[in-house]
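Okay, so here's the structure we're looking at.
The values are calculated or read from the model by the stated rules, or taken from the named source; none is laboratory data. Please read these numbers as outputs of a predicted model, since none were measured by experiment. Reconstructed Cβ throughout: ideal geometry from the backbone, glycine too, with neighbour counts over all protein chains shown.
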Amino acid sequence: MQSVNSDTKYAPPRMIPSIVEGFNAVANHIYIILFPIGLDVLLWLGPTVSVKKYFLPRLLEALETSPDVFSGEAAGLVVNTRLIWTDLINRFNLLNSLRTIPIGVPSLMISFLETTTPFGDRRMVELISRDTILIWTIVFLLVGMLIGSLYFAMTASAVKGSGQPFDLNQILEKTMQSFFLSLILFTGVVILALPVTCLLSTLLLVLPSLGTFPFLLIGMLSVWVLLPLAFSPHGIFYGELRVGKSIVTSIRLVRSLMSPTGLFFILLILLGYGLDFLWGTPGTDNWMLLVGIIGHAFISTGLLAASFIYYEKGVKWFSNSLQPKKQEKPAAVS
């Protein structure tokens with residue numbers, strides 16, 4: 001008779017040790033930060049791919065009729081909206097589509113609207129055809145998703161310490177799973193956004209005295225809905241799971257560790273976006289911005305690696321906690 005003992009215990013994941021291990025993994029594989037550095041340098045010194053000649057006239061034409069429909073404060077809101085959208089379209093760069101979400105290469109320059117560089121103003125490439133804009137948007141999104149998948153895969157490999165060579169077929173498979181995940185999340189957000197937008201607009205028109213409270217409420221509900229999906233990419237790149245199984249695993253893991261996981265992501269956001277204010281201090285016409293780009297690349301990659309480590313420890317703990325309590329089970333006698 002043999003006895004099988006499966007009493008291996010795993011502790012729940014911890015925030016600070018996960019972050020420390022994540023930065024150590026990136027420091028040992030420092031080449032991974034070349035992905036965000038390369039993307040930021042391209043968005044900084046590369047051309048501006050503009051679409052304003054196509055979209056701006058159509059936007060102004062649509063907004064010109066709005067003051068006739070609305071009156072009073074609503075008409076003033078429309079005028080302010082027109083000014084904001086006009087400025088955004090004038091500064092919009094289609095190259096920003098290379099930064100895909102949720103799986104993509106992090107970028108510091110994505111938040112910069114300035115078009116100046118140490119060499120002067122960036123070269124402008126204007127797209128004026130609808131078909132041309134659509135084609136280049138698809139190309140940029142596909143390229144961004146491909147390099148984002150490679151970036152996530154290399155970060156996961158650094159955390160695992162496997163050192164295995166990358167297989168092109170595996171990268172393409174993960175890119176396809178990333179596409180399906182993005183499509184599912186985008187569809188879900190659109191479906192939820194339509195009723196939420198209608199409700200929010202109604203509340204602001206009927207009860208304008210509520211101020212920003214509806215936005216705060218919607219934000220809290222959004223976090224509650226989206227947080228369980230936070231580890232969906234991790235299952236694809238670390239757990240080698242299909243997109244459906246990865247989403248289910250993420251939901252079950254986060255639901256079982258809702259409070260510590262929420263605090264973990266709050267800490268990651270505070271570290272990441274808080275330091276972005278430091279990295280973005282130099283202007284786009286200053287070469288010191290390159291130091292900020294490098295610092296942002298290291299911090300962002302370290303935080304991503306920390307999330308992989310947190311996911312790994314969380315899955316081990318969760319799987320172990322689901323096992324039934326067994327003392328000793330007789331093994332089959334051959």
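Restricting attention to region 138-161, the residues being on the phi > 0 side of the Ramachandran plot and aromatic (Phe, Trp, Tyr) number 0. Each residue in region 238-264 was checked for being in contact (Cβ under 8 Å) with a residue 40 or more places away in the chain, surrounded by 18 or more Cβ atoms within 10 Å (Cβ to Cβ) and assigned to a helix (DSSP H, G or I), and 7 pass.
Among the residues of region 86-106, at least one is in contact with a His (Cβ under 9 Å, 6 or more places away or on another chain), modelled with pLDDT of 85 or more and part of a loop (DSSP other than H, G, I, E, B).
Looking only at residues that are touching an Asp or Glu at 6+ places or on another chain (Cβ under 6 Å) and within 23 Å of Ala230 (Cβ to Cβ) in region 90-120, which one is surrounded by the most Cβ atoms within 10 Å (Cβ to Cβ)? Once the filter is applied, the top-ranked residue is Leu108. Of all residues in region 265-291, those satisfying the criterion of being buried (at least 16 other Cβ atoms within 10 Å of the Cβ) and either of a type in the set (Gly, Ala, Ser) or at pLDDT below 85 (or both) are Gly272, Gly280.
Considering region 22-36, and only residues there that are surrounded by fewer than 20 Cβ atoms within 10 Å (Cβ to Cβ) and assigned to a helix (DSSP H, G or I), the residue that is farthest from the chain's Cα centre (by Cα) turns out to be Asn28. For residues that are closer than 25 Å to Gln177 by Cα and under 19 Å from the mean Cα position of the chain (by Cα), tally how many sit in region 254-267. Looking only at that region, the number is 3.
Considering only residues that are outside any helix (DSSP H, G or I) and of a type outside the set (S, T, N, Q), look in region 107-120 and name the one that is nearest to Met154 (Cα to Cα). Among them, the one singled out is Leu108.
The set of residues in region 121-140 that are in a loop (DSSP other than H, G, I, E, B) and either of a type in the set (Ser, Thr, Tyr) or loosely packed, with under 11 Cβ neighbours inside 10 Å (or both) contains only Ser129. In the set Leu134, Leu127, only one residue is modelled with pLDDT of 85 or more and in contact with a strand residue (DSSP E or B) (Cβ under 8 Å, 6 or more places away or on another chain); that residue is Leu127.
The residues of region 94-134 that are free of Cβ contacts under 8 Å to residues at least 40 places away in the same chain and under 27 Å from the mean Cα position of the chain (by Cα), listed by number, are Leu113, Thr132, Leu134.
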